[in-house]
Amino acid sequence: MCAYIQQSRWGYAVKDEIFRENETKISHHIKSAEVGLFTMDELLNFHVGQKLPIFFPIRNLSLYPPFFLPPKYQNIIPFIKPAAMFNLFKVPPSSPKGKAFLGTLYSCDSINGETTKICATSLDSMLGFVKKAFGPDVDFKFITTTHPTLTTPVFQNYTVLEPPVEIVSVKKVPCHPFPYFYAIYFCHTDLNYETRAFKLRLVGDGSGDEVEAVIVCHLDSKNLSSDHLVFRMLGVEKGSSYCHVFRQGDILWIQQQTSGGGVAA
């Protein structure tokens, strides 16, 4: 059921918590860089002028609406009553869009009650989860991959404009949009798995569009299955680090830095 979640977005899911292949397997000729997947060594050695073939998809707003359901309607149309939503918006559950939305419901139901994961159906629930993750008296903000002038998804070479810049934050909370009738974000904390985050400035060789990409690196892949996509595409062993680009709409919450470089409290 979870396979439907990202089918129309990437063709397979690239998530902070886990990578899942959908029903259409990835062709062997696709290189890891093309889908924004790198080793830590590759990322740290990116240099000005280097060419990277990457595809940056454009967020499909019909599947990933940018707005949460207004609070006054949340009690009228609760998240746990999907039939009402399908009837209201006239979306057949058996349609591709309906299956994607059902995949979100099943996924969110499977994590219900967990303390390290949440399907945020409102800004308040997202901020409450993030605040709890960072702890009291800690200021935080979010960053995301931006490409304001890129309006058409194009596979092209991108030129590195600056070496990767590491984002300093002891704790991080990623949130990923799930397809639904209104905005739903899957947010999680990975306290047992160390991560590093970077920003990478690129420019498209063909279109001239500038991109500031957020890249998250997982320093240990022991939690992934042995036949995982990461190992097949990167050719690394279990336990190795791996990095992936956050796509449009993915959010990374980080601790707010003070002017002196410390964390605001």
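Before moving on, here are some points about what is shown:
- Of the residues contained in region 66-83, one or more are found to be touching a strand residue (DSSP E or B) at 6+ places or on another chain (Cβ under 9 Å) and within 30 Å of L202 (Cβ to Cβ).
- Looking across P82, P66, P96, P71, one residue alone is open to solvent by 20 Å² or more (accessible area, probe 1.4 Å) and free of Cβ contacts under 8 Å to residues at least 40 places away in the same chain. It is P82.
- Scanning region 139-155 for residues that are touching a strand residue (DSSP E or B) at 6+ places or on another chain (Cβ under 6 Å) and either more than 29 Å from V35 (Cβ to Cβ) or open to solvent by 20 Å² or more (accessible area, probe 1.4 Å) (or both), we see that the one that is modelled with the lowest pLDDT is F155.
- Residue that is modelled with the lowest pLDDT [pool: residues in region 107-122 that are open to solvent by less than 40 Å² (accessible area, probe 1.4 Å) and assigned to a loop (DSSP other than H, G, I, E, B)]: I111
- Residues of region 156-196 that turn out to be open to solvent by less than 30 Å² (accessible area, probe 1.4 Å), in a loop (DSSP other than H, G, I, E, B) and among the polar types (S, T, N, Q), as a count: 2
The values are calculated or read from the model by the stated rules, or taken from the named source; none is laboratory data. Fair warning: this is a prediction, and the values are worked out from it, not measured in the lab. Heads up, the Cβs are rebuilt from the backbone with ideal geometry, glycines too, and the neighbour counts pull from every protein chain shown. The protein model used for the area step is the full one, side chains on, heavy atoms only, and it has no ligands, DNA or RNA in it. Shrake-Rupley method; radii C 1.70, N 1.55, O 1.52, S 1.80 Å.
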